[in-house]
Amino acid sequence: MADTAHWEHFPHQADVGVRGHGETLEQAFEQAALALTAVITDPETVAPNEVIQLSCMSPDPELLLVDWLNSLIYEMVTRSMLFSKFEVRLENNHLSANAWGEKLEVARHHPAVEIKGATYTSLKVAQLPDGSWLAQCVVDV
Amino acid sequence: MDLALFERKSEYEWHIRPFGKMHVPGVIFASETLLREMDAKVYEQVTNVAMLPGIVGASWAMPDAHWGYGFPIGGVAAFNADAGGVVSAGGVGFDISCGVRTLHTGLHIDDINAVKIRLADALYHTIPAGMGSTGAIRLDAAGMDAMLKGGARWAVEHGYGNAADLERIEEGGCMSGADPAQVSDQAKKRQRDEMGTLGSGNHYLEVQLVTEVYAPEIASAFDVKEGDVVVSIHCGSRGLGHQIGTEFLKRMVLAAPGYGIELPDRELACAPINSPVGNDYLGAMRAAINCALANRQVLTHLTRQVFEKVLPQARLPLLYDVSHNTCKVEEHTVDGKKRKLYVHRKGATRAFGPGHHDLPKALRDFGQPVLIGGSMGTASYILAGTEQGMQLAYGSACHGAGRAMSRHQALRNWSGRKVVDDLEGHGILIRSPSMRGVAEEAPGAYKDVSAVVDAADQAGLARKVARVVPLICIKG
């Protein structure tokens, strides 16, 4: 099995790639969401004070990843919130999740950039030979 | 990029002969150096676009082309609806109608120097910039629909700017065919707090100085001369456009197989122009164009208010407003015949040549102003559309410098504070809520805009008119 779950960014010339690793597909999705927050600010600075529920559905896991990230982008913008803790449940390409976070405070979070959308570029959701999961795509900033 | 992949048609024009499923050639306009440094992904994306149904002419890439989403950024492609042509959400991009407008000020550099800091601070406090910033306008459902139908015209009717502004905007400031009913409630909700905001990333408001004039006759028609101070605003359709892009990308990916469209890459998601999905997208996308035009118009009004307080003698008429992420219906000559085409420009600027009926009378003999943004430490350029450009790539030119490195790499190379201090040493005042954002947008993270503009000029796409450098930059 892989190391504990983690996230990372991967380079894209104009934008940023977000990548989540996990022992399960759910964990990989949760980590990809953390990577998304990290495009904007250090997730450590975001207190998981308030929880919201969201859900989405797509024909395959890759489109579902894009939907999941786009749902979070939508919630961030319309609630003016940032999120730092996630709990994802997956069943037959239906995703339901809890996301914990707090109101965006510009003076404290110093948001580097707002995210326009998650894209299908470098989109990949796959189980690696060691059994762990990877979920990634480029986000447009 | 491997130059052996191309057939060199002229010093600045590189052709890819159609192969496989390509319907038309691929053409990249660039100097040898720019092409060599260009991401190999551009080649792949240019050839992929050439495979889409109903494409006409060629799949073009401008000198600033880089790896985009399906279409290269800096890509131009035209489609014939009657030949099964498609419209593509990826070919327009997420930030629909992102663009640049430049305002005159009537001021000279000497008028600015004494109040530069005050002006920078006043602009920073008045122009909502960066994530989480909100505008002062709240639209109800009817107001939102009226804005989406009316564009800059709506803004002028509501006291933001004046009628003279409208003739200096593509489509007279109002994109026809907009259908607010095709814009989802989510997209409208995302826009709720964002009317009159600048956004972040590469968006900016700059006070600039004209440092050089290359084509005096055109510059004179554009009312631009050395020593003049101008203001440029770069931003787009905000959350509304982003949400429309997101939703239709998915709809088109899911619908494409049903239309018998084989996508070489999911990001090329498209639908026939003559199809329900294509039609819905065009209605929504045009509404987003109007949103962007209205947004830049509101920001113009806010800018004028600031100048009125700090430099009351200034007058800020609009030189021109260009959009660089659009799909527009235009008439172009194909094999000697006039045809109505759906021209996608993704990170490319419309650059109509002299005599075009969409140009305002005062500019018609000289070609459309083409406004090219650079990075915050370098320069921007004003060009003019040419007759040759109408033939080369259906009246299209580059749109900016293009990034030379990822945000990731830029963060490793620079600290935001140091970038701000260094630029201040060069007389450029930066105001931004995010030092990390400034580091990611450091001038060194961008390609040399001068090389891009020179290539566009030499290729004949558009003619170089003037160079401007930043004095003040408000960054989101």
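The values are calculated or read from the model by the stated rules, or taken from the named source; none is laboratory data. No experiment lies behind these values; they were computed from the predicted model shown. All Cβ positions, even for glycine, are placed from backbone atoms using ideal geometry, and neighbour counts span all protein chains on display.
Here is how the numbers come out for the structure above:
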{"item": "Residue check, A:Ser71 within 14 Å of another protein chain (Cβ to nearest Cβ) and assigned to a loop (DSSP other than H, G, I, E, B)", "result": "no"}
{"item": "Those residues of the stretch B:79-107 which are within 14 Å of chain A (Cβ to nearest Cβ) and part of a strand (DSSP E or B), in sequence order", "result": "B:Ser88"}
{"item": "In the stretch B:279-292, residue nearest to B:Val183 (Cα to Cα) [restricted to those that are surrounded by 24 or more Cβ atoms within 10 Å (Cβ to Cβ) and in contact with a Phe, Trp or Tyr (Cβ under 9 Å, 6 or more places away or on another chain)]", "result": "B:Ala284"}
{"item": "Unmet criterion (only one of (1) in a loop (DSSP other than H, G, I, E, B); (2) within 11 Å of chain A (Cβ to nearest Cβ); (3) in contact (Cβ under 8 Å) with a residue 24 or more places away in the chain) for B:His242", "result": "(1)"}
{"item": "Members of the stretch B:183-235 that are of a type in the set (A, V, I, L, M, F, W, C), part of a loop (DSSP other than H, G, I, E, B), touching a strand residue (DSSP E or B) at 6+ places or on another chain (Cβ under 8 Å) and closer than 19 Å to B:Asp321 by Cβ", "result": "B:Leu198, B:Phe222, B:Val224"}
{"item": "Counted residues, the stretch B:411-431 - those being among the small types (Gly, Ala, Ser) and facing chain A (nearest Cβ under 10 Å)", "result": "1"}
{"item": "Positions within the stretch B:190-214 being farther than 27 Å from B:His125 by Cβ and of a type outside the set (Val, Ile, Thr), in sequence order", "result": "B:Glu212, B:Tyr214"}
{"item": "Sole exception among (1) under 24 Å from B:Val453 (Cα atoms); (2) at pLDDT 95 or above; (3) over 24 Å from the mean Cα position of the chain (by Cα) for B:Ala77, by number", "result": "(3)"}
{"item": "Qualifying position, being touching a residue at least 60 places away in the same chain (Cβ under 8 Å), closer than 19 Å to A:Asp67 by Cβ, within 13 Å of chain B (Cβ to nearest Cβ) and small (Gly, Ala, Ser), among A:Ala135, A:Ala118", "result": "A:Ala118"}
{"item": "The stretch B:265-283 residues that are farther than 16 Å from B:Lys250 by Cβ and within 14 Å of chain A (Cβ to nearest Cβ), paired with ones that are in a helix (DSSP H, G or I) and of a type outside the set (S, T, N, Q) (beta carbon under 9 Å, 6 or more apart)", "result": "none"}
{"item": "Residue in the stretch B:52-64 that is surrounded by 21 or more Cβ atoms within 10 Å (Cβ to Cβ), within 17 Å of the chain's Cα centre (by Cα) and within 13 Å of chain A (Cβ to nearest Cβ) present", "result": "yes"}
{"item": "Residue within the stretch B:246-260 that is farther than 14 Å from B:Ala89 by Cα and touching a residue at least 40 places away in the same chain (Cβ under 8 Å) present", "result": "no"}
{"item": "Flag if A:Thr37 is more than 10 Å from chain B (Cβ to nearest Cβ), under 27 Å from B:Pro433 (Cβ atoms), hydroxyl-bearing (Ser, Thr, Tyr) and buried (at least 19 other Cβ atoms within 10 Å of the Cβ)", "result": "yes"}
{"item": "Candidates B:Met285, B:Met252 - the one that is farther than 21 Å from B:Val100 by Cβ, of a type outside the set (S, T, N, Q) and in a helix (DSSP H, G or I)", "result": "B:Met252"}
{"item": "Of residues in the stretch B:441-476 being part of a strand (DSSP E or B) and within 14 Å of another protein chain (Cβ to nearest Cβ), the one farthest from B:Ser31 (Cα to Cα)", "result": "B:Lys475"}
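Residue by residue, here is whether (1) over 11 Å from the mean Cα position of the chain (by Cα); (2) within 30 Å of B:Lys447 (Cα to Cα) holds:
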site	(1), (2)
A:His6	yes, no
A:Asp15	yes, yes
A:Leu34	no, no
A:Asp42	yes, yes
A:Leu54	yes, no
A:Trp68	no, no
A:Leu72	no, no
A:Arg89	yes, no
